[in-house]
Amino acid sequence: MSPARPSDATTTPVSDHAATPVETAAPDGTAPRPRRDRLPQPTVPMRIALAVGLAMIGVILVLTTSITPWYTLGLGAALLVVALTLREPIALPVLAMPALLLVNRVGGTLSVSDFVLFAAFWPALLFARRPLSRPMRNLLWVNAFYQATVLFTVIANPYVANAVEWLHSWLLVGGALLVGWAIGAAGRARTAVALYLAGSAVVTVAALAQFAMNLAAGNTGAVYLNEPFLMHKNFIGCVLAFAAVVVYARPRWLRMNNLLCLGLFAFFLSGILVSQSRQALIGLAVAVTVIALRPDPSRRRSKVVLLAVAAAAVVVAFLVQDQLESGDQYNSAYQRLIWFGQSLRIWEQYPVFGAGLRWWYTDRFSEQFQPPNAEFEMLSSGGLVGLIGFLLMFLVMLVILWRVDSRFGTLAFVLVLMRFVQGQFDLFWVAAQVSIPFVLAGICLGAQEHVRLRRLDEDDHDHRGFALTPRIDP
């Protein structure tokens, strides 16, 4: 009986079950290893449940058509989502990317972005590739540690907004990371990022158009968008800064054209400038500096951009100094100093566990504002315990992402760092401004896992793409 040779190999029968892995022998004839090129697929019971749900939505759609077109539109969208999930389990997380930009309020507190992220979380949880990579697991664990530290303030201050915000903050970080991971690990990173950049381009066009109208009326102030966007200047600046740093970094695995990326960078930068968001400019400057200085094995980056970064830093410093020296106690710089003092006075009443998350939604204090700084917000709402958990979460996350292969980790690192820097100059826990960088960071880690598994799969198969199995002689 002669040993099996690759030329004598036959193909392995494939099971009809989509989720069953196909075992293949290694080229040296050792024990078979499972194929890694399949994502978790909906099981038969799941497909039946989805099909039943599809039918029910269709019936309701017919019955409500005569009632109101808005119900019809919503149910039609739900019908499309269920159908797409039957075909592609990660379809909803991918399609949700541009919708994360919608900050219109629903019910007074949560935004459209929050509900879209919540909807995208469930297919990501059910169908994301398993197991999670070690960096991804560590990020989720450190986020769980932060959630544990702020759970004390939820218990010490029992009111509805406190508990809701505790869940909300987990969704914005942990849930967003998992959604991004599902997209990247499924090999859909390029499509998802392109959809986000397209949404950001729409916001940029709207911001430039609004600035042009303001300029025609003699107004050179910051841009605020009305319906259908309802975007504050700092939101415009921050989300466009995330888009700008993506196209500036343009990692190889996204397969983006260099000239197109440079044009988009200038385009997004123009949107940031008309928004006049200082925190967005500072965050972008820090991110660009890190990318320019960190060695990249796949490309060489010019250091000339650091001159522009230095110039921007000088301009922002002069603007802040001018506000402080103006004597106008109603400008943004003076107002922030007043809010910082009020935040400290509230913290002094609840030093250990804080006054509770979203304390400004209650009638316990005469002050009704969200502190415009991450540390002052955490100190007043989560106390010393919550602040320590918050700072440790970001510190450990940044260390984890810095140690990831720079081809994937650098972009993830600067996105998380940007959000932390932005939070030093304005509100931190603000819906999409938190979820978007963490979704994009999750995509980076998922894309790294997708590339790794593809390389392993190529090592397990011959050049024809057939699985190799040893031949058994009679």
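The values are calculated or read from the model by the stated rules, or taken from the named source; none is laboratory data. Since the structure is predicted, the reported quantities are computational estimates derived from the model, not experimental observations. For neighbour counting, all protein chains shown are included, and Cβ atoms are generated from backbone atoms with ideal geometry for every residue, glycine included.
Counting only residues that are within 19 Å of residue 113 (Cβ to Cβ) and crowded, with 16+ Cβ neighbours inside 10 Å, segment 197-216 holds 8 of them. Filtered by the rule that a residue be surrounded by fewer than 22 Cβ atoms within 10 Å (Cβ to Cβ) and among the charged types (D, E, K, R), segment 404-420 gives 405, 407.
Taken as a whole, the condition of being in contact with a Leu (Cβ under 6 Å, 6 or more places away or on another chain), closer than 24 Å to residue 439 by Cα and surrounded by 22 or more Cβ atoms within 10 Å (Cβ to Cβ) does not apply to residue 192.
Within the option set 189, 156, 212, 216, being touching a residue at least 24 places away in the same chain (Cβ under 8 Å) and more than 29 Å from residue 378 (Cβ to Cβ) holds for one residue only, 189. Considering (1) within 30 Å of residue 199 (Cα to Cα); (2) in contact with a helix residue (DSSP H, G or I) (Cβ under 7 Å, 6 or more places away or on another chain); (3) touching a residue at least 12 places away in the same chain (Cβ under 8 Å), the lone condition that residue 138 does not fulfil carries the number (1).
Residues are listed down the side, and each one gets a yes or a no for (1) closer than 18 Å to residue 450 by Cβ; (2) among the aliphatic types (A, V, I, L, M); (3) modelled with pLDDT under 90:
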position: 63; (1), (2), (3): no, yes, yes
position: 66; (1), (2), (3): no, no, yes
position: 89; (1), (2), (3): yes, no, yes
position: 100; (1), (2), (3): no, yes, no
position: 114; (1), (2), (3): no, no, no
position: 123; (1), (2), (3): yes, no, no
position: 134; (1), (2), (3): yes, no, no
position: 138; (1), (2), (3): no, no, no
position: 143; (1), (2), (3): no, no, no
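For segment 424-445, the set of residues classified as polar (S, T, N, Q) and surrounded by fewer than 24 Cβ atoms within 10 Å (Cβ to Cβ) consists of 424 only. Among the residues of segment 177-191, just one is of a type in the set (A, V, I, L, M, F, W, C) and not in a helix (DSSP H, G or I), namely 186.
Taken as a whole, the structure leaves residue 113 outside the set of residues that are under 14 Å from residue 446 (Cα atoms), polar (S, T, N, Q) and in contact with a helix residue (DSSP H, G or I) (Cβ under 6 Å, 6 or more places away or on another chain).
Identification of helices (runs of 4 or more DSSP H) wholly contained in segment 305-423 with 1 or more residues that are at pLDDT below 85 and in contact with a helix residue (DSSP H, G or I) (Cβ under 9 Å, 6 or more places away or on another chain) yields 305-325, 332-349. Just a yes or no: is a residue in segment 365-384 within 24 Å of residue 193 (Cα to Cα), touching a Gly at 6+ places or on another chain (Cβ under 8 Å), in the same structural domain as residue 342 (by TED's automatic domain parsing) and of a type in the set (S, T, N, Q)? For segment 365-384, residues within 24 Å of residue 193 (Cα to Cα), touching a Gly at 6+ places or on another chain (Cβ under 8 Å), in the same structural domain as residue 342 (by TED's automatic domain parsing) and of a type in the set (S, T, N, Q): absent.
A quick yes/no check of all residues on (1) surrounded by fewer than 24 Cβ atoms within 10 Å (Cβ to Cβ); (2) under 20 Å from residue 101 (Cβ atoms); (3) touching a residue at least 60 places away in the same chain (Cβ under 8 Å):
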position: 389; (1), (2), (3): yes, no, yes
position: 395; (1), (2), (3): yes, no, no
position: 402; (1), (2), (3): yes, no, no
position: 422; (1), (2), (3): no, yes, yes
position: 447; (1), (2), (3): no, no, yes
